[in-house]
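Following: one structure in structure tokens, then a few remarks.
Computed from the coordinates by the stated procedures, all read-outs in this text should not be read as laboratory data. This is a predicted model, so every value here is computed, not measured. Cβ atoms come from the backbone with ideal geometry, glycine included; neighbour counts cover every protein chain shown.
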Amino acid sequence: MAGKNIAQKILARAAGKEAVATGEYLIVRSKLPVTSEGDYLSRGPIQVMESGAKKVFNPKLIKIVVGHAGAGGGKTIGEARRKIRRWAEAVGVPRENILDLGQQGVEHIVAGEQCWVLPGELYFSVTDGHTTALGALGGFTVPLSYESGAYLVKGVSWVQVPEVARFTLTGKAKEGVYVRDIYEYILGQIGVTGTPNQVILWDGDYVAGLDMDARFTLCANALFSSAWTAIIEPDQVTLDYVRTHTKEPFDPLYGDADAEYSQHRSFDVSAIEPQIVPPPERTHVRLLSAYEGMKITKGHIGACTNGRMADMRVAGKILRGHKVHPDVMLNITPGSVAIYRQCLTEGTLEVFVDAGVFLPAPCCGQCASGTTTPLGDDDVCLSSGTCNYPGRMGSDKAEIYLASPATIAASAVTGCVTDPRKFL
């Protein structure tokens, strides 16, 4: 009999079973917090309100993060925030579990900083698909959908044990080629149906050499190849990170050496060059060199994909001593209050201000429907956000290209798409 992979082991633990098989349906529980959006009325709270339920399974485990719209969004967002706050108070969610503006950031970044996800455990969110970023902590992290309300009331949900696709990354990346470039290259190779309803397991010596910020980025966009989530088995880097960010006990799990996978592909990252994703298709990834010299009007560094401290540092390294081009508006949005504070401590904020960067408060910012700096009809934006479809950041006539923070910072200085290695 073949061994079990890490996804099977985590779901078996959550179901209270000794072992489970791919395709098996389970009723599962999670001992971890469940997070909900605080800017928009996400499906879970709406379903609870509409059902007339007066109680939730454990109000102390519900976390509400005001992070998508930031300070923008207008009256509709303001009313939604008040409504979800009244609901949270009515069902007994502790005040300290509601992270409001000035106390928060991007939900998936805050959850990683505070280790709401623990190695070896199942974690639910009732917000969006980028919950998968937290799989970097060695947990099984998934968003709930139409069953969100039932979970908030009952504290249980069902899952079908998924297949696992194993992607092994080897080699050393070239200077100026970052984990965002690596991910986009692989997405371009496997396509939108590369991992249908599967879990992506990232491993290999390249992954082992990544810090936690890079691992979160690698896992954040699993949904674009139709995966359910992504995961990295915990190693010493993971364990050290978790132990310094929480006092909660945990028991990591690991796949067996003879575990079976739906597919196993290897990628040598040493041959990969900087990448760019032109609109409107998310998986039509191209070499950055094919677009060098194209003029841009907006730049955006941030979001759940690249709003972490490592991203702030690389942007600061490139922008130091330079000014943003007069024809470009560069928006850099730190992903959390903790990251904003670290930027202040290290002097990175001063670099940004001196360069002429627009600095919103921590939030999803421009990636979330352009709530901080919406795009106009003729704008051409280079972004580290998640999506490039028309209308994502404002006008549906604007163009959104996706790239690494290094590429965006370099391009913001020159006013056109630029290989970041010219600044490194």
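Structure notes:
- Remark: spin-label model distance residue 262-residue 281 equals 2.2 nm, labels positioned 7 Å along the Cα→Cβ axis.
- Euclidean distance of C-alpha centroids, the range 109-153 and the range 318-332, integer Å: 35
- Comparing 225, 289, 148 in a Gaussian network model of the chain (Cα springs below 10 Å), the most mobile by mean-square fluctuation is 289.
- For the range 304-424: rounded, prolate or oblate by the Cα gyration tensor [a/c cutoff 1.5]: oblate
- Along each principal axis, taking the top coordinate minus the bottom one, the Cα set of the range 6-266 gives 52, 44, 37 Å in descending order.
- Enclosing the Cα atoms of the range 117-206 in their convex hull gives a volume equal to 121 cubic angstrom per residue.
- Cα-based equivalent ellipsoid of the range 220-263: semi-axis lengths in Å, sorted from largest, via gyration tensor: 25, 16, 8
- Within the straight-line cut-off of under 28 Å between alpha carbons, the lysines reachable from residue 172 are 317, 422, sequence neighbours fewer than 8 places apart in one chain being disregarded.
- Of 48, 400, 246, farthest towards positive along the dipole that unit charges on Lys, Arg, Asp, Glu beta carbons give the chain: 48
- Note on the chain: GNM, Cα springs under 10 Å; of 228, 202, 158, the largest mean-square fluctuation is that of 158.
- Among the listed pairs 83/397; 17/54; 75/154; 54/154, those with a Cα-Cα distance over 21 Å are 83/397; 17/54; 75/154.
- Computed about its Cα centre, the charge dipole of the range 276-423 is approximately 380 debye, with only Lys, Arg, Asp and Glu carrying charge at their Cβ.
- Cα pair count fraction exceeding 29 Å, expressed as % - the range 1-160: 18
- Charge dipole (debye, nearest 20) of the chain; +1 at Cβ of Lys and Arg, -1 at Cβ of Asp and Glu: 1080
- DSSP bridge orientation in the chain - percent antiparallel, rounded to nearest 5: 20
- Rg/Rh ratio calculated on Cα atoms of the range 204-348 (Kirkwood radius): 0.99
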